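The values are calculated or read from the model by the stated rules, or taken from the named source; none is laboratory data. Keep in mind that this is a model prediction, so the values were computed, not measured. Cβ: placed from backbone, ideal geometry, glycine included. Neighbour counts: every protein chain shown.
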Amino acid sequence: MDFSEIAAELYAGAPEEFVARRKELADQAKKAGEKELAKQVMALRKPTKSAWLVNLLAHHEPDRIESWLELGVAMTEAQQNLQGDQLRELNTQRSTAARQLSRRAAELATEAGQSTTDSALQEVSSTLQAAWTDPEFAELLRNGWVHQVVAYGGFGPLSLTAVPPAAREKSAPAESKDETAKPTTKNPADRKKAEQERAERERAEKEQAERAALQAELDEANGELEAASAVLTELRERQSALTEELKQVTADERSQAKTVAEIRARVTALHRRTS
């Protein structure tokens with residue numbers, strides 16, 4: 001399996017199984033000698049319940065998600081061109097589509113044996129809306145790799161904290177390799193400012209990647225703790241059951257020994273009478 005297939009499986013699966021399955025798939029990658037893939041898999045964040053609902057829509061209703069994203073593009077163009085009548089019509093379509101997608105998310109959750117709440121469905125709607133404002137997040141939505149819900153009411157790109165580092169690397173378009181390209185900023189002060197901003201962005205992304213890795217490690221540790229605790233509980237239950245069984249077996253053994261002794265005495269007596 002490649003990264004895309006692994007991410008799709010994890011984010012479409014039940015949230016409570018995410019941590020254990022992620023470790024299993026990462027271990028498989030390690031055994032196959034794909035250490036970098038294993039790191040990317042472990043960096044994937046466990047989705048919240050609402051984010052999982054969004055991913056269900058992406059995996060089960062890809063055409064409707066694509067239509068939703070296209071509606072967002074149409075609304076942006078209408079806003080930019082100040083097309084009032086068209087914008088009102090598109091707003092009506094948006095409201096209808098949002099309700100339908102939320103309803104479908106609830107249906108999919110029920111089919112998967114999970115319950116939903118009104119607040120979770122509201123978060124689904126806000127996350128779908130946020131995908132209109134950022135192409136990178138929209139691509140995550142298409143793939144069904146969303147790990148947290150996003151509420152965004154402004155313009156411009158979303159914070160990259162909404163994007164898992166490994167998924168961001170996979171979904172980001174390749175950078176131009178044209179080595180002849182020249183900086184557009186010629187003023188030394190502006191160039192210095194641009195370099196500082198770039199350095200700050202890189203530092204922020206590095207910190208986010210480190211936090212994501214630590215969170216992944218914490219999720220893994222919590223998963224191992226849950227699994228180990230479950231095994232301990234099972235062993236204690238078995239020990240209790242075996243203790244009770246031992247008591248019963250001991251009582252049965254004593255009763256049977258008494259019966260054997262009585263029969264043996266009767267046999268001995270009969271031998272004496274027949275000799």
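Considering only residues of segment 22-48 that are crowded, with 17+ Cβ neighbours inside 10 Å and charged (D, E, K, R), which is farthest from ALA12 (Cα to Cα)?
GLU34
In segment 31-70, which residue that is under 17 Å from ARG99 (Cα atoms), touching a Leu at 6+ places or on another chain (Cβ under 9 Å) and among the small types (Gly, Ala, Ser) is modelled with the lowest pLDDT?
Out of the qualifying residues, it is SER50.
Checking LYS23 against (1) under 11 Å from the mean Cα position of the chain (by Cα); (2) more than 30 Å from ASN91 (Cβ to Cβ); (3) basic (Lys, Arg), only one condition comes out false. Which one?
Against the list (1) under 11 Å from the mean Cα position of the chain (by Cα); (2) more than 30 Å from ASN91 (Cβ to Cβ); (3) basic (Lys, Arg), LYS23 comes up short only on (1).
Take LEU10 and tell me if it is in contact with a Phe, Trp or Tyr (Cβ under 7 Å, 6 or more places away or on another chain), in a helix (DSSP H, G or I) and more than 19 Å from LEU121 (Cα to Cα).
Yes: the conditions hold for LEU10.
Considering only segment 103-112, I want to know if a residue exists there that is touching a Ser or Thr at 6+ places or on another chain (Cβ under 6 Å), closer than 20 Å to TRP145 by Cα, of a type outside the set (A, V, I, L, M) and in contact (Cβ under 8 Å) with a residue 12 or more places away in the chain.
So far as segment 103-112 goes, no, none of its residues is touching a Ser or Thr at 6+ places or on another chain (Cβ under 6 Å), closer than 20 Å to TRP145 by Cα, of a type outside the set (A, V, I, L, M) and in contact (Cβ under 8 Å) with a residue 12 or more places away in the chain.
Look at segment 80-95 and say how many of its residues are at negative phi and among the hydrophobic types (A, V, I, L, M, F, W, C). So that I can check it myself, show each step before the final result.
Start the filter on segment 80-95 by keeping residues that are at negative phi, which leaves 80-81, 83-95.
Right, trim to among the hydrophobic types (A, V, I, L, M, F, W, C) and you get 87, 90.
The number of residues fulfilling the criteria is 2.
Has segment 230-243 got any residue that is over 30 Å from GLU17 (Cα atoms) and either β-branched (Val, Ile, Thr) or within 57 Å of the chain's Cα centre (by Cα) (or both)?
Here is the first cut: in segment 230-243, the residues over 30 Å from GLU17 (Cα atoms) are 242-243.
Those still in the list that are either β-branched (Val, Ile, Thr) or within 57 Å of the chain's Cα centre (by Cα) (or both) too: 242-243.
Yes.
I'd like to check something: does segment 13-30 contain any residue that is modelled with pLDDT of 90 or more, closer than 17 Å to GLN100 by Cβ, not in a loop (DSSP other than H, G, I, E, B) and not aromatic (Phe, Trp, Tyr)?
Within segment 13-30, none of the residues are modelled with pLDDT of 90 or more, closer than 17 Å to GLN100 by Cβ, not in a loop (DSSP other than H, G, I, E, B) and not aromatic (Phe, Trp, Tyr).
For segment 55-69, state whether one or more residues are in a helix (DSSP H, G or I), exposed (fewer than 14 other Cβ atoms within 10 Å of the Cβ) and without any contact (Cβ under 8 Å) to a residue 24 or more places away in the chain.
Checked against the condition, which is being in a helix (DSSP H, G or I), exposed (fewer than 14 other Cβ atoms within 10 Å of the Cβ) and without any contact (Cβ under 8 Å) to a residue 24 or more places away in the chain, segment 55-69 yields at least one hit.
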